[in-house]
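Provided herewith is a single structure, encoded as structure tokens, for subsequent inquiry.
Throughout, read-outs are computed from the coordinates displayed, never taken from laboratory work. What you see is a predicted model; the values in this text were computed from it and never measured. For neighbour counting, all protein chains shown are included, and Cβ atoms are generated from backbone atoms with ideal geometry for every residue, glycine included.
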Amino acid sequence: MKGAAYVGGGRLETVSVEVGPPGPGELQIAVAYCGLCGTDLHIAHGAMDARVRTPLVFGHETSGTVAAVGAGVEGWKVGDPLTVMPLVWDGTCPACLAGHQHICQNLVFVGIDAPGGLQQRWNVPASIAVPLPPGLDLRTAALVEPVAVAVHDVRRSDLQVGDHAVVLGGGPIGVLIATVARDAGAHVIVAEVDASRRSRIAALGFEVIDPASADMAAEIGRWTNGVGADVVFEVSGAAAAARSATDLAKVRGTIVVVAIHSAPRELDLQRVFWRELRLLGARVYQRSDFERAVDLLSRGRIPAQALISRVVPIEEVASAMDDLSAGRAMKILVDVAGEAGA
């Protein structure tokens, strides 16, 4: 079976993967599509070498069908469409015991800490498999995982109908947060420095501003009639965005940190104090977020096809990652099966 692996030293290779039958409690998936994301870029660039074991078959934004059912697994049959919520928690740490299993203190993130979905056959615990409705095509379903991220971020913010939300960063997750927030009834504006991304975001019907050439605080002040944003989502990972977020939020507004910041950032804590701002982290997702994402995609509430820049064969993963790194694409899917299993 074919796979794509990070082999260390910033190198990706197409590899042959041997996959045995599923063990007890497992499903074997015939992977159809796998999306590439920012975390995959971090792996490919060697930024996660201290964490990953090479060679690593990575990838966690997947869709496919059941190829085989392991002993003791009920409720699944061969051919069932599914996606994977790629989190395995221990159930015993303080976070798990408090009901926060998705941020388990010993969390195994499948596709980083364990083999992922860029392989034609993939054995996973049945507990992390999420069923898909028959009407949802598998290409669209490869977006369930990133949509679930956005659903979790918006839910964490306590966004209300009629709220004004600012999204700092117009990459795939930023656009999905904007889309989920708009679907929840919010007014949304996206700040993005890249001109090509701004044009794509505007084509989706969003107001877009360039933070490099605009007085962000003044722009948001005009947009909200001097009130400020109810919610600011920091999705860019940029130091300038972290600094500006506190200037954009209204009194008792909320700032949600979504991006992974690789270094400590300067933050105006005086502003946090003065305006009684809420500063929240939002990491990955829960099962209910996955189920909500499936529902949104099934009902056409997410512009999936507008977000997918192209689909590539598994042999072109390395060049696809180069395009993502250079900002030449929004979302690239890998046709793991080869012509979607045709």
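Classify region 27-104: rounded, prolate or oblate, from the alpha-carbon gyration tensor (a ≥ b ≥ c, eigenvalue square roots; a/c under 1.5 rounded; otherwise prolate if a/b is larger than b/c)?
In terms of gyration-tensor shape, oblate.
Then there is this: Among DSSP beta bridges whose residues both lie in the chain, state the antiparallel percentage, nearest 5.
Rounded to the nearest five, the antiparallel share is 55 percent.
Rounding to the nearest 20 debye, state how big the charge dipole of the chain is about its Cα centre with +1 on each Lys and Arg Cβ and -1 on each Asp and Glu Cβ.
I would put it at about 420 debye.
By how many degrees, 0 to 90 and rounded to 10, does the Cα axis of helix 287-298 deviate from the longest principal axis of the chain?
Approximately 90 degrees, to the nearest 10.
Students often check this: by mean Cβ neighbours within 10 Å, which of 10-21, 147-158, 176-187, 192-203 ranks highest, and how do the rest follow?
Result, highest mean first: 147-158, 176-187, 192-203, 10-21.
Sticking with this one: For the chain, take N as its residue count and report Rg(C-alpha) divided by 2.2 N^0.38 Å.
Here the answer is 1.00, to two decimals.
I would also like to ask the following. Between Thr92, Thr254, Thr83, which gets the highest mean-square fluctuation from a Gaussian network model of the chain, Cα cutoff 10 Å?
Thr92
So in region 67-224, what percent of DSSP beta bridges are antiparallel if you round to the nearest 5?
Close to 35 percent.
Could the peptides 299-305, 40-46, 117-123 be put in order, highest first, of the mean number of other beta-carbon atoms found within 10 Å of their residues?
Most protected by this proxy first, the peptides run 117-123, 40-46, 299-305.
Further question: Under 21 Å Cα to Cα from Lys331, which lysines show up? Leave out anything in the same chain fewer than 8 places away.
Output for Lys331: empty list, no partners.
How large are Rg and Dmax for region 147-281 when calculated on the C-alpha trace, in angstrom?
13.2, 38
Would you mind telling me which residue in Gly253, Gly221, Gly99 has the biggest mean-square fluctuation in a Gaussian network model of the chain, where springs connect alpha carbons within a distance under 10 angstrom?
Maximum among the listed residues: Gly99.
Determine ³J(HN,Hα), in whole Hz, for all residues of region 264-279 in sequence, where each value follows from phi through the Karplus function 6.51 cos²θ - 1.76 cosθ + 1.60 and θ = phi - 60°; x replaces Gly and Pro.
x, 10, 6, 9, 7, 6, 4, 5, 4, 5, 5, 9, 6, 6, 9, 10
Take Lys250, Lys331 and order them by how many other Cβ atoms sit within 10 Å, fewest up front.
With the fewest neighbours first, Lys250, Lys331 line up as Lys250, Lys331.
Would you pull out the residues with amide H under 5 Å of Gly253's amide H, same chain only if 5 or more places away, H placed 1.01 Å from N?
Counting only residues 5 or more places away or on other chains, the set is Arg278.
In whole Å, what is the distance between the alpha-carbon centres of region 254-319 and region 1-23?
27 Å
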